[in-house]
1. Size of segment 169-210 along its principal axes in angstrom, Cα-based, largest extent first?
2. In angstroms, what radius of gyration and Dmax does segment 301-348 have, counting Cα atoms only?
3. Could you order the peptides 40-52, 126-138 from most to least packed, using the average number of other C-beta atoms within 10 Å per residue?
4. Which value at 222 nm does the chain reach when only helices count, each DSSP H run of 4 or more adding -39,500 (n - 2.57), with the total divided by all residues and rounded to the nearest 500 deg cm²/dmol?
5. For segment 138-201 and segment 245-285, what is the centre-to-centre distance using only Cα atoms, to the nearest Å?
6. In whole Å, what are the extents of segment 199-273 along the principal axes defined by its C-alpha atoms, from largest to smallest?
7. In nm, to one decimal, how far is the residue 213 label point from the residue 137 one, both placed 7 Å along Cα→Cβ?
8. Counting each pair of different Cα atoms once, what's the Kirkwood radius of segment 371-429 in Å, rounded to one decimal?
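Where a number appears in this text, it was derived from the coordinates with a stated rule and is not lab data. These figures come from a predicted structure and were not determined experimentally. Neighbour counts are summed over all protein chains in view; Cβ atoms, including those assigned to glycine, are modelled from backbone coordinates with ideal geometry.
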């Protein structure tokens, strides 16, 4: 298939960058892992053993205030385009027959941008961006010519599943987390030039199960469905540990020189599902909702020129588009994407606010909460569909327990609401 020419109409410009010397870039996405599921953050309890991710945290830059969409498809579309969902039309999880709700292949993708650089690039793993799960060439049309993975939202069985490989379906009888790791290791080993790999695990997304015993330390987990349904958390944690084990295996295959020249970015694509969110946020404040439990995610960067430590700056998954382009030597001006590299150079975070949304026009889970939210500094305005706005001070109320507007707004609070509502109106006006 002939590749689309890379075009840069207004939204994107190409400017050489000299601060980074073409590092390899590895983006790892965990599916359904919210911020409270990680030992790297002082939230939640009973987290899985994830020593390799914890080592990334210890040696890398940990963002304490990173946000995503509350479900997978909008987050992935935001990374692919650097745009919010109201611009791309992807604002909810795309069902098997999504109609016109998939990501248009007319969008300029991150892979289109990288095609103008010396980088070899690939995406291995979960896609979930096409309007139809039968659209086997959708990745190719968005610039991913060597795609392998799950085209839809996941797999019904991690041990026996259907993958798409370069536009054709293949049956895989290898554990999904291991297969994706194997493919990543093989692809990286073939590269002779700087590379970018987007590794999208489908773990720890349901169905919850017992992973292969060599990948986790949990003992005596009953594989019976009734036992899993009664207490899914140990199984979810075992899946996280299995993913961590495979991440460690992948990183361990890189030579010392390659590892030193590789930027590793680890994120979750949205919050933890309600049935395993440890009652920390609760089922109506977890994955699928516009509250912290649905949108506050782990975000860790480790690699050359990134100092280790913690950073309080606001970051949105849209920012990965500009950041990865920046690392690859091109300057992106995608509409909603801001490179985080100035933070590395000792400057304060470039983002003034973080916006999230969840469309309500597609099939949804019972616990889903639709609408939009925006955070600026410590303030977060939450506007559920059909409900009055709520205002929270996240610095003192990270669980959003106290709506500051419940008993009437003070003049200062009313001014905050007005400012944030105007900011969202301005954002959406830019796309009209």
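1. Between the extreme Cα coordinates on each principal axis of segment 169-210 lie 38, 19, 19 Å.
2. Gyration radius and largest Cα-Cα distance of segment 301-348: 10.5, 29 Å.
3. Output ranking for 40-52, 126-138: 126-138, 40-52.
4. Numbers: 13 runs with 113 residues, N = 432.
Roughly -7500 deg cm²/dmol at 222 nm, from the helical runs in the chain.
5. Using only Cα atoms, the two centres lie 17 Å from each other.
6. Here the Cα extents, ordered largest to smallest, are 48, 27, 12 Å.
7. That separation, rounded to one decimal, is 4.7 nm.
8. 11.7 Å
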